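Quick note: the coordinates plus some simple rules give every number you see, no bench work behind them. Note that the structure is a prediction, hence the values are computed from the model and not measured. Because the Cβ atoms are built from the backbone with ideal geometry, glycine has one as well, and the counts that use them run over all protein chains shown.
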Amino acid sequence: MLVEFERQIENDAASSDSQRLEWPLLDAVNFEQHKKLFQIIDDLASPIRTALCIAESPPTISDYCELEEIGRGGMGVVYRAKHVKTLRTDAIKVIRPDRLANVDPERAMQLRYRFEQESRLAARVAHQHIVPVYQVGEMETGIWFSMLYVDGPTLHECSNVKSLTPEKTARVIECIARAVETVHRHGILHGDIKPHNILLERETERPLISDFGLAEFETLRPDGYASGIAGTPAYMAPELAMAALSRVGSNDAGSIRSVSSDIYSLGATLWSALAGCSPCYEGRNQQEQLEDVVSRNMIFAGTKIECIPLGLERICQKCLEFEPSARYHSAAELANDLAVWLNRPSWNRHFPGLRTLLVLVVAPVLASSGILVSFLLRMEVNEVWIWLAMLWGYGPLFATFSASQRSSQATEAARRELWSVWIGHCCASIACLTACRILSQDDPIRTVEIFYPCWAAISSVTFFAKSGNFWIAYRWFGVAWSLAAIVLTIDRLFSPTIFGIFAAITCVVTARGDKAFDEK
Amino acid sequence: MQTPFEKDIQRFRPILLSIAEAMISPTLRGHLEASDLVQQTFLEAHCNAEKLAGTESAPLFGWLRICLKNNLLDAVKHLKSQKNDLKRQMRISELAESFDRMEQLLVADQTSPSQIAERNEQILILLALLQEIPPDQKTAVIMKHLRGCSLKEIAEELNRSESATAGLLHRGRQNLVAAMESRGQV
């Protein structure tokens with residue numbers, strides 16, 4: 001009898017108020033008495049129960065079994081679970097019941113709406129670097145959705161143990177920036193980019209971005225459900241932090257959030273993954289962190305972290321600009337800059353003498369080859385010697401390339417490009433020389449006269465080509481060589497000498513200026 | 001011979017005991033004793049007797065609650081470092097949050113309307129009276145009303161049949177309400 005009562009009460013609590021069950025088995029008078037007792041105690045106890053509410057037992061979800069809690073965020077609890085039919089292991093996100101308790105109904109509705117929107121937004125964008133949503137369902141306490149279970153650590157965990165090289169970190173953020181670009185193209189702002197929300201799949205090392213809990217459509221915003229400012233202070237753009245501090249109304253908040261604020265968060269994420277710490281100083285509470293963000297009292301603004309390479313530091317700084325307009329205009333721009341940094345050639349890291357070699361060996365050889373050609377022309381020797389003297393500068397050049405290739409850490413793409421460009425230079429020159437020789441009807445002086453300006457023009461093209469992926473200043477070399485092509489027509493006997501000296505200067509300036517030859 | 005401070009402070013013992021018992025989840029039961037935690041809390045209160053003497057009752061109760069919270073969190077941390085199987089199941093932050101929420105609930109009497117203050121007073125009396133009913137009834141009522149467990153779970157925990165547990169619950173409620181009525185609180 002008492003058992004019936006308890007069960008009935010439990011059923012009652014589970015079902016909604018509108019569908020009260022009948023009480024056929026119970027004596028009405030007794031039931032009312034029990035109920036009164038229960039009510040007296042429960043009215044007093046329920047506030048404490050809600051306060052203590054610790055979701056220890058996972059919820060029951062029809063299609064899944066073996067739920068095990070793996071994470072907990074501001075809004076939801078994430079479980080690992082097995083799909084009953086496919087036996088695939090998925091991650092399931094469920095709204096935190098304790099977050100809905102103790103808040104007024106309007107706020108609870110907002111939270112629920114947010115949670116539902118999260119599944120919709122994440123499901124809307126398909127990208128290899130975004131955690132895909134599989135299924136959305138409903139249960140007693142609200143909705144749940146299942147998504148890809150990513151077996152691996154978060155970027156935050158990796159950076160904390162410093163297991164990532166700057167190259168790997170840059171690669172991760174590049175992928176994530178491309179994903180964020182896609183999200184932006186769909187008109188969605190992620191709103192909570194941070195190392196904790198970036199997962200690295202263990203097997204493939206594929207980075208994936210998750211947690212669209214604060215994401216929003218850029219323009220579309222139903223009335224009454226606008227967000228206000230939310231996010232993680234340490235990774236929040238200053239304009240948002242400022243709005244949060246001044247408690248801007250929720251309707252204005254939308255106009256402050258923008259692509260640029262996501263870019264800032266990406267930059268802060270990159271910086272923190274490289275530095276291995278949070279951008280905010282330790283021991284500050286949320287309010288103080290917000291103030292720090294606004295007043296730029298951040299670690300990246302104050303101290304220089306030695307382990308961050310200069311190139312990446314500059315990329316971070318551009319993302320972390322105070323003025324939104326000074327940051328990258330799109331995530332794609334950031335991704336491209338990271339890609340350029342990743343593909344940068346770095347010849348010298350394992351070949352310390354390369355710069356010296358260029359200055360002390362290659363440059364003199366190039367200069368001497370020009371002087372020698374001028375000399376041989378006057379001596380009227382067999383023209384074979386002249387051609388040999390002309391082209392022998394390629395020897396040390398290619399020897400240097402192959403030596404540095406074996407020991408440098410430059411990427412495969414950079415090496416291939418370097419070889420292609422210079423072999424092209426060599427082939428074009430020989431072809432041009434042959435053509436000049438044929439056109440000038442066996443006159444070596446005439447051949448040289450026509451050939452050297454052509455050779456300078458070929459060099460000009462080569463340097464313009466190199467300015468794309470190597471050093472940007474190579475385009476000025478290209479301009480200089482174009483001018484040289486004209487200068488070389490002035491004196492036909494001295495043109496080889498001028499060319500040789502010009503080549504030697506190019507070589508020295510390259511060795512001195514190109515960052516790829518830096519010793520570090 | 002009890003000092004006035006002693007008298008003052010002992011009033012809160014049953015309340016703190018009930019809070020601690022409600023906080024200690026089934027996974028921790030057997031590893032932690034509510035009475036130990038409360039005892040430790042009172043020891044610390046005695047060590048600070050000079051500082052606390054003359055404090056009004058509300059701030060004193062607040063001090064005790066925070067002290068209990070810290071003791072519980074420390075104990076759980078210690079347990080977690082020793083028992084691997086507990087690592088996943090217990091979250092310190094979660095426990096701290098629960099405490100904070102309860103804090104918000106209980107300190108509401110400082111500034112809120114009188115009916116809330118009155119209800120809070122009743123809640124505290126309920127918590128105190130819980131310690132006066134037989135232990136099995138107390139455990140059943142705490143599990144049912146403060147932790148929201150189902151009848152089945154309580155029966156398993158107490159190692160009794162469901163009908164026996166339902167009886168315990170009923171008698172527990174009867175005793176509690178009777179005790180409250182005798183204090184004129186219903």
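Some values worked out for this structure:
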{"quantity": "Environment charge of A:TRP476, counting only residues whose C-beta is closer than 15 Å and scoring Lys/Arg +1, Asp/Glu -1", "calculated": "+2"}
{"quantity": "Sites B:GLN82 and B:ARG160, calculated FRET efficiency, Cβ-Cβ separation with R0 41 Å, nearest 0.05", "calculated": "0.85"}
{"quantity": "Amide H partners (placed H, <5 Å) of A:GLY71, local residues excluded", "calculated": "A:VAL78"}
{"quantity": "Spin-label model distance (nm) - A:ARG512 vs A:VAL384, 7 Å beyond Cα toward Cβ", "calculated": "4.1 nm"}
{"quantity": "Nonlocal amide H pairs with B:CYS149, under 5 Å, H built at 1.01 Å", "calculated": "B:LYS144"}
{"quantity": "Residue-wise HN-Hα coupling along the range A:331-338, computed from phi with Karplus coefficients 6.51, -1.76, 1.60 (Hz; x: Gly, Pro)", "calculated": "5, 5, 4, 4, 4, 5, 5, 5"}
{"quantity": "Between the range B:143-186 and the range A:452-518, the alpha-carbon center distance in angstrom", "calculated": "92 Å"}
{"quantity": "Förster radius 56 Å - calculated FRET efficiency between A:ALA413 and B:ARG119, Cβ distance, rounded to 0.05", "calculated": "0.20"}
{"quantity": "Kirkwood hydrodynamic radius over Cα pairs of the range B:1-57, then Stokes diffusion coefficient at 20 °C and 1.002 mPa s, in µm²/s", "calculated": "173 µm²/s"}
{"quantity": "Exposure proxy order (Cβ contacts within 10 Å, fewest to most) of A:SER246, A:SER46", "calculated": "A:SER246, A:SER46"}
{"quantity": "Set A:LYS35/B:LYS80; A:LYS194/B:LYS77; A:LYS82/B:LYS69 screened for pairs whose C-alpha atoms are more than 30 Å apart", "calculated": "A:LYS35/B:LYS80; A:LYS82/B:LYS69"}
{"quantity": "For A:TYR64, distant residues with modelled amide H under 5 Å away", "calculated": "A:VAL84"}
{"quantity": "Paramagnetic reach from A:LYS85 (point 7 Å along Cα→Cβ, amide N under 16 Å) across the range A:143-157", "calculated": "A:146-147"}
{"quantity": "Hydrodynamic radius by Kirkwood, which averages 1/r over all alpha carbon pairs of the range A:452-520, in angstrom", "calculated": "12.4 Å"}
{"quantity": "Partner chain coverage, peptide B:142-150 - average Cβ within 10 angstrom", "calculated": "6"}
{"quantity": "Debye log10 I(q)/I(0) for the range A:123-200, one point scatterer per Cα, at q = 0.12, 0.15, 0.18, 0.25 Å⁻¹", "calculated": "-0.42, -0.63, -0.85, -1.26"}
{"quantity": "Nearby lysines by direct alpha-carbon distance to A:LYS85 (threshold 27 angstrom, same-chain neighbours under 8 apart not counted)", "calculated": "A:LYS93"}
{"quantity": "FRET efficiency, A:LEU360 to A:LEU391 (Cβ-Cβ, R0 25 Å, nearest 0.05)", "calculated": "0.75"}
